[in-house]
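Trainee: Would you mind keeping the following structure in view while I ask a few things?
The values are calculated or read from the model by the stated rules, or taken from the named source; none is laboratory data. Quick caveat: nothing in here was measured; it's all calculated off a predicted structure. These accessible areas exclude ligands, DNA and RNA; they are computed on the full protein's heavy atoms, side chains included. Shrake-Rupley method; radii C 1.70, N 1.55, O 1.52, S 1.80 Å.
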Amino acid sequence: MTNLEKILDNDRYGVEANKIIEALFQAQLLVKRQLDQGCVPQQYQMLTTQHQAYIAAQTVIKNYVSNKVKENAYDVFL
């Protein structure tokens, strides 16, 4: 289990998950601003990949939390 998994598993009210998602979103916005300002092709490719990675990371966190909620809801019915 990774540190991130431990943090999310112990995050009962979603506070930490929201902080992480917000930090990723802010980093994504910074990269987007750099892309919007224009850059050389090599830098463009690197920034585009980085932008996509931030989006993917947010999705992973949201899915992990969503699955955790579903598991907890299922446990209540057992």
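Trainee: To the nearest 10 square angstrom, what accessible area does Y44 show with a 1.4 Å probe?
Mentor: Estimated to the nearest 10 Å², Y44 gives 120 Å².
Trainee: For the chain, report the accessible area per residue in Å² (1.4 Å probe, heavy atoms, rounded to an integer).
Mentor: Counting only protein heavy atoms, the per-residue value for the chain is 78 Å².
Trainee: A follow-up question, please. Count of lysine pairs in the chain with Cα atoms under 17 Å apart, counting only pairs 8 or more residues apart in sequence or on different chains?
Mentor: Lysine pairs meeting the criterion: 5.
Trainee: If you bin the C-alpha pair distances of the chain every 5 Å from 0, what whole percents do you get?
Mentor: Bins of 5 Å from zero give 3, 14, 21, 18, 13, 10, 9, 6, 3, 2, 1, 0 percent of pairs.
Trainee: Any chance you could give the angle, 0 to 90 degrees and rounded to 10, that helix 15-37 forms with the longest Cα principal axis of the chain?
Mentor: Compared with the principal axis, the helix lies near 10 degrees.
Trainee: Okay, next question. Ignoring ligands, DNA and RNA, what percent of the accessible area of the chain is carbon or sulfur (1.4 Å)?
Mentor: The nonpolar share, carbon plus sulfur, comes to 58 percent.
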